[in-house]
Each structure stands twice: as structure tokens, then as C-alpha cells.
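Every number here is computed from the coordinates shown, using simple stated rules; none is lab data. Just so you know, these numbers come straight off a predicted model, no measurement behind them. With ideal geometry, Cβ positions are generated from the backbone for all residues, glycine too; neighbour counts draw on all protein chains shown.
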């Protein structure tokens, strides 16, 4: 009967109710903490924790408790964890979400339960359009915006034609569509690769070369970006087909991409050297707290998410039952963002600048990302008309 | 035309990489009748060892050699400690036990090396593109993979077919009691065979590492392809594994290269882009299903006693 | 079958009572999460039970059973997406599609044996996975959100967590009852006989493949029902549910619980999913515990948990 007792014991453990507490601010954070993209999740967690340090781990006078959950890079798991945070942990806020597909899968339980969510990365077009919700706020962008900015830059540079390559999931499709929306040259090809399992881009690179396009545009976040740049360099294409990117080179991938990334431009709404005070403090304190590491845009957006939540809690003096007031406060975006001040569109997506980032090597041989120019100011996404909110 | 040549080479290179992985699997399955799902984990360990030793020694070749030794050793330890107890048992037991090993290895790697994965950079002399045919540039490293894999295939063939130990291996597969009765240490033989399989898997892992990165769970996806290959080729047949691997590599690469354009003639671009990769993956499984229904012993089965 | 008071039956009864009373506990303690967790467990128990029918009793090791979860799920999801929200249409379609898939695959796969059977069922499941990934209209790899659960026109409201849980439990009970009847019927005895000694059964005159095929189709259909339930439970369906590692999970549940035992799959599903949920809360490195645990069970715990209990009972 030992097994029976053990079963009963485990079941009892399963049914144990976590202590209910109305005196803490509970935040659930869903991201990826395992697998090759764990480095992104860790950056987001590090930055969120840093923000809490700066806030003294208190919002509106109440202590803050954060529960981190791992979506293991899968939409169905992300949804499961989201539900657990809402139903079991009864969080006041949810934040995080790297991947568009994970976000879309998790949206229903969030909206159904009227939990306020701060999206610190994913930007699927549906969220900016028909699936917009008064409970969801973004501290990132809408997927199409960043590649659209890159398209504008490519126009400025007089690029005549491009071959597009991207991963075949919600964000990948958004990205390539985004470039097409602004780029004036000829699109010589559009290839989607199997995501996230396809890591060998030899076929696509061969096709790009054969197409005769003047350039290549890619979107490959995380580890795929490392692999793509590797194979791109090994294929010897750097000279004949310059590469333009979005979300492929960032502070998490740069240590692995190394010299392959030099001279490959990207577009971003935040670069670590943006000159505002809050950003300088964020980057400096991050490097102090986590020696040898630099924050990426994922982290910057997570830092902002914590600050945005704080602005809401402060506005209601810690009474998180006042959801409507909190939402109203968040809509004002009244906090010091590390990308500089921004406003929200009707769909709760930021209206913000996009910068050109490039990789440079300093005298000591250290690689870092630098802001080269502002591509576009106060850019608003193209989907806000589809959102029924005012 | 040039595109076809390049894609052909890509398919060949991918197929040969798959062969390295499948060869070990088919040997172990054919000779010890062991279904080893953890073969993918050995592939992963090979890559992790290589990245670690190359970084430690500063030399690519030395690092790879050390990693090969380490993977061989790991394979032997694994066989002695865990897997030899599974010989003779139900295949289902093998599946369950080695499934458990996959879970274990993934987390062990995460514990030791962290969750982010590693990089294995190439030495400069391997990063240059080589002009093999006027107008067609192919990365030197991928050519190196082709050369090395072919050399290993040849070596394997010679060892199994032309040496005494190869003969013992083949004999052990036919009739292990007899071999034992003749005074050959069958346990040692099996351990060595498993170690060889592990080394081959590790070699495959470390060879693809500079092209793709080194990450946790990298074995799961490619493992399934390896199983498909040994079934198509014939379980226990190295020749079968070789030919089937090339075939599968070609189908996958050429399918991914040319299917999307074909599909765009009938479907919209977006639908074609989603359907094409799925279709090319399906083709391989379809081939295996056909082989299983029509000729279950494989296309190039090992000669039976 | 005579019901005797031994460890196996006691545990089975205890579990049955626990499952029946769970919503009461959830209601009283305000812990909704345990209800959603156990709804999921009950659904997987049904899927595992269907696999046990062919694996435990029939000796057919199908490594592609998760495909039926996907087929049942997508039937519901696709119809919901296209505007057909009635459960009276969705669920029969789910069952019919699963049965058809099982019929076709079974007819082809049952020509093979042993590891080849494992591989071919795996191949077909992967094909189903890739078909689902390739359907851009239904989300492909990103999956498909189901905004409204199956509508049964007032008969039962699936949006109510308690009602839905009891429906799943009812399906599980029905499934187990069906398996019990099959296994103890002449048909079931033939299938089990085929597992022991096919040559002898064929010599007696039983057409092996036909019997196995019927068993296979019943199993697939039952799993398709589990798929329809799962889709409603998660309000979401994606190709991931059909990936080969999910079929592996189902196999683990069956083996863990004890192959060829009636309640084994239920125990196996409970243990596997509860362990997964709580080990992952205890430590980030839970798989390092789960992995060797599985290995040890294979090496020493023959017959799974129910087997262990059986040994206690016999004293």
C-alpha cells in the first residue's frame, strides 16, 4: 500500500492551496527559460529584477512578488502557464511573452479573466488590430514596424532589390510583410523556413544567390540568428549581397555571432547607447549587477514593463482592485521609458522612434551595438485602424 | 543550373551527416537489437564536448579529436552502467528507458553548461568559399564534411567487412551464443560496438556544430530522421544506411529548395510558403511508410544468415 | 471478473472516489487550478486508456497515438473556425475522422510487426503533424484559438468548468467500461490470444489482421474523443499535440501505470502529469529526476505501478 500512500500524499500536495495575500502586488512573468533561447528569457528576468531593485521592490507601498514561468518556446505550454498564473497564483498583472505565437495562444485566458497584461516583446499584427484588448499594453512594438523602418532605410541607401528570408510563424510573416510595406525596390524572392526546427539555411542562401537580388533581408531571432549569420558568412555572400536585418542581431546574440555581425545593420526602437538619463542608469546598473553582460532590447522592454506596471499601481495607491483606474493610468504611459518618452496609440501599442543600429568593434576588440541614425520618428503601426478601441 | 549543383552538394552534405548518425544507430540496433533513443543525446554530447575542448585547447583539430575520445568514453560508460541491462528485453522497454535518458541528458547539459548553448567557431582556413566548378562557390567547411564523412564510411566498410573484429561483429549478430562458446568475450564486443556507435554520433554532432549551434535538445529532431533512414535502408545494414541517408538528405534539401516555387504555381505565396516545408518533411515519412508496406526489410537490407 | 479486495482494486477505487469528489474540493477551497489540472489529467487518461487497449491487450506498439488527439482536436477547431459551433456536428466529425484515419493507417501498418510497426505508426503520425503545420489557414505551427467551446444547445454547458470536468470523467468511465467489455468478450480474448501466439490463433482460424484492425480503429476513435475534449479544454489546438514526443508521453503513461491493466492508464496519467507539474515547481532540473526514474521503472518495476500493487496483494 506504500504506493497508495505516496499517491495520496502527492495528490494532497497537488491540492494544497497557496496562501492568499491581498497585501502584495503579484506579477506573473511568462518567458522562455530553457533551450537555446533561454538567454533571452534570462535577460528579460534580469532587467525586470533590476527595475524592481530601482523601485525598492515595492509598488504603491506594497511589496512585489514576481512568479516566473517558462513557456519552453511552445504556444500550448505558454498558454498553460498563463492559465496557471491567473487561476492558481491569482496574479494582479501578467507580463513577458517573447514569441508572437505563444502570445496569441495565451490571449484568451488573459482577456477572459480581465487580467492586465504588459507585453514586453511579441507584437503580432492581430494584437494591434482586431484582437486588441483594453487589458493588454505593449512596451515593445508591433512586428511590422521594425522591418518597415529597415525598408525605409534600404530606400535611403538606394538598394534596388532584395531577397526576403524569414521563419514561418506569426512574427516571421509579419516581418517580411513589414519590409514589403515600405521597401520601394524589387522583391526578388520570399522564402519561409520551418520554425523553430530548421537551422540549416543552405538551400535558402543558394536560392538568394541565384536570384540575382542586390541584398538579403532576414528576421531570425535568437539562436537562429547566430546560425544564419554563420552560414551567410561561410557562403561568401558578404561582398555581393549585403545583409539587412531586424531582430537578428542584438546583445544576446552578438557574443556568439562575433565578427560575422560587423557591418550588418539592423533597425530597433532601443539601442543601449540612447542618450536619455533613465537608459544610462539602466545600462550602467545592469552591467554592474550582472558583470560581463549587457542588456538587450528584450531586457529594455521588460524594464519598461515593470515601470509601466508601477505607474499604474502608484496611481491607485496600491489598490489593485481598481482596474479601470489602473488601465487609464497606463494609457498615459506616464513613466520614464529607457527609449525616451512615448505615447500609446488607440491599440496600446507605442508610437515611437526607430533607430538604425550597427555593430562596431572598439579599440579593445570588444563588439557592441551603436545607434547610427534615426530612421523614423513617432512611427505608428499600420493596424491601429482595425482595432475597435478608441 | 548552377543552383542545382549547389543544392545537390547541400543535399549530399546533409545526407552524409545523417549517415554518420544513422550508421551508429543501425549498428547498435542490428547487432545488439537495442532501440536507443538516447543516440540523439550522444550526438548532442559530441557537439558540446567539441565546443568545450576546442575552446580549451585553442585548436580546432585537437579539440575535435579530444571530443571524439570523450564521446567514445561516454558511450562505453553508458553501455556498461545502464544499457547492457536492456539487451534481450522488449523493444518497448528500450523505448521507455532511453526516453528517460534523453530527459536526463538534456537537463544534465543544462546544469553543466547552462541553458544558452555554445558556439563552435571554425578556424580561418575552413571558412573560405572554394570554387569547385567555375561560377559555383561552395563553403570549404561543407566540402570538408563531405570528405570526412566519405572517409569514415569507407573506413567503416573496411573495418566491418575486412577485419577480424568486423567479422566478430557480424558473427555476433548472427549467433551470439556460438561466439561466446568460441571464447570470444561478447560483452566486450558489444561495449566496443556501442562505443563506436557513440563516437559516430558524436562526430556527426561536432561536424554540424559550426554550421548550426550547439544547443540542448538538438538531438530530438534529427534522431527521428536517423530512425527513418535505418528503416528505409534496412536495420543493421551500413550500406543501407549510407544509401538511404543520401536519399533522405537529397529529398529534404531539394524538396525545400524547389517545392515552394512549384507550389506557388497553384497556391498563393503565403499558403505555398507554409505548405512547402511541411510537404518536403512529409515526403520523407511517406517514403518510409511505402518502404515498410512494400519491402519492410529495407531497400538495401543486411545480408541475412 | 470477480472483484477482490486487494491493493490494486483498493487503489483503483480510491482514485475513482477522489476523481468524483474533486470538483467539490475545488469549490470548497476556491482552488480552481486543481480542477483544470485534473480535467487535463482525465482527458489524457482517456487517451492513455485507448492506447492501452492496443498496446497492453493487443500487443500493438503504436508510437503515433498522439495523432488522434490532433485529429479530434482539429476537427473541433476547424469547424469552430469555419462557423460550425455545434458539438452535435463537431464531435461526430471528430470521431469519424479519427476512425477513418485509424482504418487507413491500420490497414497499412498491420502488415508489419514489432519495431517496424512502431516506426510506421510514427511515420503516419508525423505526417499528420506536418499536414497540420502546413495549413496556413488554420494557423499552421502557431495553432488555432477556439473562441467558443462546443455548443450542445442547452444540454450541457462546456464553459462551466465543473460540468465540463464531469463530462470528461463520464467519457473516461465510459471508455474504461467499453475496454472492460471488449477485453472480456470473445473478440477481446482473440486479440489477446493473438498477442500471445499469433500462429496458433491463425491455425485455429481467426483472421488476425481483421481482428487487430477493428481493435485499432476502436482505439483510435476513443483517442479522437479525447482530442475533441482536449481542444475544448485548452480552447486551442496546434500541431504540437501530434509531435512524436507526445506519443512518447502517452506510452510512458501506459507503461508507468501498468500495461494490460484496466486502471493502469488512469494511474499512469495521474502520476506522470502530477509529477511533471510538481517536480517542475520543486526544481528547475526536474527532468534529471524523471529520466533516471523512468529507467529504473523499466529495469525493476515490471508491470508498472499496478504491477507493483499486484505483487503486494499477492503477499
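Structure summary
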{"quantity": "Of all DSSP beta bridges in chain A, antiparallel share, percent nearest 5", "calculated": "35"}
{"quantity": "Two-decimal ratio, the protein assembly as shown, of alpha-carbon radius of gyration to 2.2 N^0.38 Å", "calculated": "0.94"}
{"quantity": "Sequence ranges B:293-299, A:42-48, ranked by mean other-Cβ count within 10 angstrom, highest first", "calculated": "A:42-48, B:293-299"}
{"quantity": "Inter-chain Cβ neighbour average for residues B:251-259, partner chain, 10 Å", "calculated": "3"}
{"quantity": "Projected label distance in nm at residue B:161 and residue A:53, using a 7 Å step from Cα toward the beta-carbon", "calculated": "6.4"}
{"quantity": "Gain in span if fully extended, residue A:317 to residue A:343, counting 0.36 nm per residue against the direct Cα distance", "calculated": "7.1 nm"}
{"quantity": "Burial order of peptide ranges A:334-342, C:236-244 (average beta-carbon count within 10 Å, highest first)", "calculated": "C:236-244, A:334-342"}
{"quantity": "Degrees, to the nearest 10: A:38-54 long Cα axis against longest axis of chain A", "calculated": "60"}
{"quantity": "C-alpha center-to-center spacing [the stretch B:232-287, the stretch A:330-390] in angstrom", "calculated": "41"}
{"quantity": "Principal axes of the stretch A:145-268: Cα extent on each, largest first, Å", "calculated": "32, 27, 26"}
{"quantity": "Cα convex hull of chain B - mean projected area over all directions, nm²", "calculated": "17.9"}
{"quantity": "Fewest-first sequence of B:112, C:182, A:187 by Cβ atoms within 10 Å of each Cβ", "calculated": "B:112, A:187, C:182"}
{"quantity": "Fewest-first ranking of B:110, B:164, C:113, C:161, using other Cβ atoms within 10 Å as the exposure measure", "calculated": "B:164, C:113, C:161, B:110"}
{"quantity": "In Å, descending, principal axis extents of the Cα set of chain C", "calculated": "53, 44, 41"}
{"quantity": "Rg to Rh quotient for the stretch B:149-305, alpha carbon positions, Kirkwood Rh", "calculated": "1.07"}
{"quantity": "Label-point gap, in nm, between residue A:24 and residue B:5 - each point 7 angstrom along Cα→Cβ", "calculated": "6.6"}
{"quantity": "Within 10 Å of each Cβ in A:27-40, the average number of Cβ atoms from other chains", "calculated": "3"}
{"quantity": "Nearest-ten-degree value, helix A:145-156 long axis tilted from longest Cα axis of chain A", "calculated": "20"}
{"quantity": "Beta bridge orientation in the protein assembly as shown: antiparallel %, DSSP, nearest 5", "calculated": "40"}
{"quantity": "Förster radius 51 Å - calculated FRET efficiency between residue C:186 and residue B:221 (Cβ-Cβ, nearest 0.05)", "calculated": "0.70"}
{"quantity": "Label-zone membership for the stretch B:134-161, site residue B:182, 7 angstrom Cα→C-beta point, backbone N under 18 Å", "calculated": "B:159-161"}
{"quantity": "Footprinting exposure proxy for B:258, C:44, B:53 (fewest neighbouring C-beta atoms within 10 Å first)", "calculated": "B:258, B:53, C:44"}
{"quantity": "Viscosity 0.692 mPa s, 37 °C: Kirkwood-radius Stokes-Einstein D of chain A over Cα pairs, µm²/s", "calculated": "152"}
{"quantity": "Test item: C:49-55 mean partner chain Cβ contacts at 10 Å", "calculated": "0"}
{"quantity": "Global form of the stretch B:86-227, assessed from the alpha-carbon gyration tensor, a/c cut-off 1.5", "calculated": "oblate"}
{"quantity": "In degrees, nearest ten, helix B:269-294 long axis to first principal axis of chain B (Cα)", "calculated": "30"}
{"quantity": "Per-peptide average of other Cβ atoms within 10 Å, ordering B:215-226, C:24-35 highest first", "calculated": "B:215-226, C:24-35"}
